[in-house]
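Heads up, the thing below is written out as structure tokens.
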Amino acid sequence: MMENSAMDGFRLPIDLESLLHGRSVEWERLEFKKGWNPEAFLHTMCAFANDFHNLGGGYILIGIEERNGRPVLPPEGLDPETIDTIQKEILGFGYNAMLPAYHPLTFPAMVDGKNILVIWVPGGETRPYKVKVSLSAKSTD
């Protein structure tokens with residue numbers, strides 16, 4: 001069973017079940033991440049925000065493993081205590097790790113009783129975007 005969670009009145013522009021089964025969005029516009037890896041997330045977010053082929057950006061689903069480009073269900077899920085922290089990190093990336101500033105929309109959701117985080121990354125209005133190569137404190141690239 002899948003549920004969309006409304007956040008501040010916003011909802012995903014697409015049904016979560018359609019995302020999980022690739023019915024309404026091409027697979028190249030979907031990324032599934034088993035866990036939270038800030039650096040990998042940031043690079044994917046930048047690619048979707050740049051949207052070089054004008055496909056409408058993309059979706060990143062955190063808490064769901066990917067195998068051969070497809071989601072592994074039921075999902076691994078995320079610890080519900082970490083979702084708020086992840087959302088705050090994503091907000092910080094938009095200001096501190098990406099130029100020009102960019103902010104995707106995040107939606108906590110439940111899939112088969114597991115918490116996941118869906119991030120909608122529409123193509124940005126002020127393209128091209130650049131991100132840090134590494135989030136390491138020593139990195140300046």
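No value in this document is a laboratory result; all are computed from the given coordinates. What you see is a predicted model; the values in this text were computed from it and never measured. Positions of Cβ are backbone-derived with ideal geometry, glycine not excepted, and every protein chain shown enters the neighbour counts.
Mind listing just one residue for me: the one in the stretch 12-35 that is outside any loop (DSSP other than H, G, I, E, B) and touching a Ser or Thr at 6+ places or on another chain (Cβ under 6 Å) and, of those, nearest to residue 88 (Cα to Cα)?
In this case the residue turns out to be 31.
For the stretch 55-108, which residues satisfy the criterion of being small (Gly, Ala, Ser) and within 17 Å of residue 36 (Cβ to Cβ)?
Once the filter is applied, which keeps residues that are small (Gly, Ala, Ser) and within 17 Å of residue 36 (Cβ to Cβ), the stretch 55-108 yields 63, 77, 92, 94, 97.
Checking the conditions here, which among 111, 118, 25 is free of Cβ contacts under 8 Å to residues at least 40 places away in the same chain and more than 21 Å from residue 135 (Cβ to Cβ)?
From the options 111, 118, 25, the qualifying one is 25.
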